[in-house]
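Undergrad: Dropping a structure here in structure tokens format, bear with me for questions.
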Amino acid sequence: MEDVWSVVLRVGEVWVTLVFTLIVLPSALGVSLGISEAYLWVLMKTLEWATIRIQKGVKKPQPQIKTSATNGIIERDETPMEKEIVHPHRVDFEFSDIFYFCRKGFEAIVEDEVTQRFSSEELVSWNLLTRTNVNFHYISLRLTIVWVIGVIVRYCFLLPLRITLATIGITSMIVGTMIVGQLPNSSVKNYLSEVVHLTCSRILVRALSGTIHYHNKENRPQKGGICVANHTSPIDAIILTNDGCYAMVGQAHGGLMGIIQRATVKACPHVWFERSEVKDRHLVTKRLREHVADKNKLPILIFPEGTCINNTSVMMFKKGSFEIGGTIYPVAIKYDPQFGDAFWNSSKYNIVSYLLRIMTSWAIVCNVWYMPPMVRQEGEDAVQFANRVKSAIARQGGLTELPWDGGLKRAKVKDTFKEEQQKNFSKMLVRNGSVG
């Protein structure tokens, strides 16, 4: 029995030594040994080979996935109600008048443009992950063998490695920020805090096998500003802090997340709100304005959508972030779904299930675009400013822009939206002389 434990301990020592030498230390120094690049190259070649095998092995033509020109989402032409309804200028009501509303209702039930943003993005080809199509690996024996090898690699090698790195990164974050938090406020404390945050974020990115391409770094958010970005996943914050430090804004949590929040806020001016405070919009605005007014504090990082969207679209930005004042630094984030699904459907998966899916995917690959700073123009209200920033982010990231509130992910459609359609129809009837 002692021999078994000695072997286990020796294996553990070798494992931790290799992880620290090949991954943790280079990550802390911001150096790449080329391992991630080589891994992605092999993965790309494997997926290309698998696609070719699938095309050769499928005898019958497969139905094509319905895609648009850009992001795989069905888009319908928005035609005014008057043009949709046949003969709108006649006075008498006909049964055919209801067809327009019936069709709109069926479209909303089958595939409306809101709820489809809260499901995983469809892929044109299989990426050897079972979430895409579980039947593809039965096409040929060699493809099945490759799929089985992939399962073994992801669950028996990558998963333990990523858990080890995540544990090191989170522990280092908690311990490092607690130590730095004991120092008096000074430029030295701020410098050490940024070093701890950057180092731990880089380790956590390696824990996801992350490959991130940052564009236009000259536009990176500056101190005293507000960074706003589209929101796909909880790891968005890690993706951004891997390249620079930010003051986070969010609701205070319990458990492990609460421990991290309480430790980091001692070293860095993050803004955490209690559940009761979040509902007080004036209090939130006041605290954020106080933060922005201090030009020595880190830029605030805010996700104005308020919930995660599935990497295809940008939904309504809450106006609160744009009432604070100051300079807005837009950032567009776009993940490559070929290597893994970064989207978190919080209404379907809890955080543990989501992290398991992330850590058993092939990798996290994404592009981050820093965009020129934007300020509120004269005569522009907060809603118009928010929409202008949202449009810029959507264009840069190649995302579909939608006016809907992401809160529909958990809530029913407001009665005001229904009443608006009813008013439009009644105005059309009155204008055409059908009523009165």
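The values are calculated or read from the model by the stated rules, or taken from the named source; none is laboratory data. Nothing here was measured: the structure is a model prediction, and the numbers come from that model. Counting neighbours? That spans all protein chains shown, and the Cβs are built from the backbone with ideal geometry, glycine included. Accessible surface areas use protein heavy atoms only, side chains included; no ligands, DNA or RNA. Shrake-Rupley method; radii C 1.70, N 1.55, O 1.52, S 1.80 Å.
Undergrad: Quick check: anything in region 222-238 in contact (Cβ under 8 Å) with a residue 60 or more places away in the chain, more than 23 Å from the chain's Cα centre (by Cα) and farther than 26 Å from Ile333 by Cα? Working first, answer last.
TA: Initially, region 222-238 is screened for residues in contact (Cβ under 8 Å) with a residue 60 or more places away in the chain, giving 222-237.
Adding the requirement that they be more than 23 Å from the chain's Cα centre (by Cα) leaves 223-224.
Filter once more, keeping what is farther than 26 Å from Ile333 by Cα: none.
No, region 222-238 has no match at all.
Undergrad: Starting from region 367-383, take each residue that is closer than 30 Å to Val205 by Cα and open to solvent by 80 Å² or more (accessible area, probe 1.4 Å) and list its partners that are in a strand (DSSP E or B) and not hydroxyl-bearing (Ser, Thr, Tyr), counting only C-beta distances under 7 angstrom and pairs at least six apart or across chains.
TA: Within 7 Å, no pair qualifies.
Undergrad: Here is a follow-up. Would you pick out the residues in region 305-363 that are of a type in the set (Val, Ile, Thr) and in contact (Cβ under 8 Å) with a residue 60 or more places away in the chain?
TA: Of region 305-363, the ones of a type in the set (Val, Ile, Thr) are 307, 309, 312, 314, 324, 327-328, 331, 333, 351-352, 358, 360.
Within region 305-363, Thr307, Ile309, Thr312, Val314, Ile324, Thr327, Ile328, Val331, Ile333, Ile351, Ile358, Thr360 meet the criteria.
Undergrad: Being at pLDDT 80 or above and either of a type in the set (Phe, Trp, Tyr) or touching a helix residue (DSSP H, G or I) at 6+ places or on another chain (Cβ under 7 Å) (or both) is the filter here, so list the residues in region 272-296 that pass it.
TA: Trp272 - this is the single residue of region 272-296 that is at pLDDT 80 or above and either of a type in the set (Phe, Trp, Tyr) or touching a helix residue (DSSP H, G or I) at 6+ places or on another chain (Cβ under 7 Å) (or both).
Undergrad: Next question. Of the residues that make up region 50-71, is at least one open to solvent by less than 100 Å² (accessible area, probe 1.4 Å), basic (Lys, Arg) and at pLDDT 70 or above?
TA: Scanning region 50-71 turns up at least one residue that is open to solvent by less than 100 Å² (accessible area, probe 1.4 Å), basic (Lys, Arg) and at pLDDT 70 or above.
Undergrad: Take Leu141 and tell me if it is open to solvent by 50 Å² or more (accessible area, probe 1.4 Å) and either in contact with a helix residue (DSSP H, G or I) (Cβ under 6 Å, 6 or more places away or on another chain) or at pLDDT 90 or above (or both).
TA: no
Undergrad: Within region 348-366, track down each residue that is open to solvent by less than 40 Å² (accessible area, probe 1.4 Å) and in a loop (DSSP other than H, G, I, E, B). Before you say what the answer is, go through the steps one by one.
TA: First, pick out the residues of region 348-366 that are open to solvent by less than 40 Å² (accessible area, probe 1.4 Å): 354, 358-366.
Of everything in region 348-366, those that are open to solvent by less than 40 Å² (accessible area, probe 1.4 Å) and in a loop (DSSP other than H, G, I, E, B) turn out to be Thr360, Ser361, Trp362, Ala363.
Undergrad: Given the residues Val188, Val151, Val195, which is the only one that is open to solvent by 10 Å² or more (accessible area, probe 1.4 Å), in contact with a helix residue (DSSP H, G or I) (Cβ under 9 Å, 6 or more places away or on another chain), without any contact (Cβ under 8 Å) to a residue 12 or more places away in the chain and assigned to a helix (DSSP H, G or I)?
TA: Working: Val188 fails: in contact with a helix residue (DSSP H, G or I) (Cβ under 9 Å, 6 or more places away or on another chain); Val151 fails: in contact with a helix residue (DSSP H, G or I) (Cβ under 9 Å, 6 or more places away or on another chain).
After ruling out the rest, the residue left standing is Val195.
Undergrad: For Arg206, state whether it is farther than 18 Å from Lys223 by Cβ, in contact with a Gly (Cβ under 7 Å, 6 or more places away or on another chain), touching a residue at least 60 places away in the same chain (Cβ under 8 Å) and in a helix (DSSP H, G or I). Quick ask: steps written out before the conclusion?
TA: On the way: farther than 18 Å from Lys223 by Cβ: yes; in contact with a Gly (Cβ under 7 Å, 6 or more places away or on another chain): no; touching a residue at least 60 places away in the same chain (Cβ under 8 Å): yes; in a helix (DSSP H, G or I): yes.
So Arg206 does not fit the description; no.
Undergrad: Residues that are open to solvent by 50 Å² or more (accessible area, probe 1.4 Å), at least 3 per element: which helices (runs of 4 or more DSSP H) completely within region 227-337 meet that? First the steps, then the outcome.
TA: Numbers: elements: 236-241, 255-267, 275-278, 281-293.
It comes to 255-267, 275-278, 281-293.
Undergrad: Look at Trp369 and say whether it is touching a strand residue (DSSP E or B) at 6+ places or on another chain (Cβ under 6 Å) and either closer than 30 Å to Lys223 by Cβ or in a strand (DSSP E or B) (or both).
TA: Values: touching a strand residue (DSSP E or B) at 6+ places or on another chain (Cβ under 6 Å): yes; either closer than 30 Å to Lys223 by Cβ or in a strand (DSSP E or B) (or both): yes.
The answer is yes for Trp369.
Undergrad: Something else about it: Does Ser391 satisfy the condition of being open to solvent by less than 70 Å² (accessible area, probe 1.4 Å) and part of a loop (DSSP other than H, G, I, E, B)? Break it down stepwise before answering.
TA: Working: open to solvent by less than 70 Å² (accessible area, probe 1.4 Å): yes; part of a loop (DSSP other than H, G, I, E, B): no.
So Ser391 does not fit the description; no.
Undergrad: Here is a follow-up. Filter region 10-32 down to residues that are β-branched (Val, Ile, Thr) and surrounded by 13 or more Cβ atoms within 10 Å (Cβ to Cβ) and give me whichever is modelled with the lowest pLDDT. Even if it seems obvious, please write down each step before you answer.
TA: Taking region 10-32 as the starting set, the residues that turn out to be β-branched (Val, Ile, Thr) are 11, 14, 16-17, 19, 21, 23-24, 31.
Add one more test, that the residue is surrounded by 13 or more Cβ atoms within 10 Å (Cβ to Cβ), and what stays is 16, 19, 23-24.
Numbers: Val16: 74, Val19: 77, Ile23: 78, Val24: 77.
Applying the filter and picking the extreme gives Val16.
Undergrad: Go through region 164-184 and count every residue that is among the hydroxyl-bearing types (Ser, Thr, Tyr) and in contact (Cβ under 8 Å) with a residue 40 or more places away in the chain. Quick ask: steps written out before the conclusion?
TA: Here is the first cut: in region 164-184, the residues among the hydroxyl-bearing types (Ser, Thr, Tyr) are 164, 167, 171-172, 177.
Filter once more, so that each one left must be in contact (Cβ under 8 Å) with a residue 40 or more places away in the chain: 164, 177.
Qualifying residue count for the region: 2.
Undergrad: Another question, then. Does region 33-40 contain at least one residue that is open to solvent by 70 Å² or more (accessible area, probe 1.4 Å), within 17 Å of Arg202 (Cβ to Cβ) and among the hydrophobic types (A, V, I, L, M, F, W, C)? Even if it seems obvious, please write down each step before you answer.
TA: Of the residues in region 33-40, the ones open to solvent by 70 Å² or more (accessible area, probe 1.4 Å) are 33, 35, 37.
Still in the running and within 17 Å of Arg202 (Cβ to Cβ): 33, 35, 37.
So of that shortlist, the ones also among the hydrophobic types (A, V, I, L, M, F, W, C) come out as 33, 35.
Within region 33-40, one or more residues are open to solvent by 70 Å² or more (accessible area, probe 1.4 Å), within 17 Å of Arg202 (Cβ to Cβ) and among the hydrophobic types (A, V, I, L, M, F, W, C).
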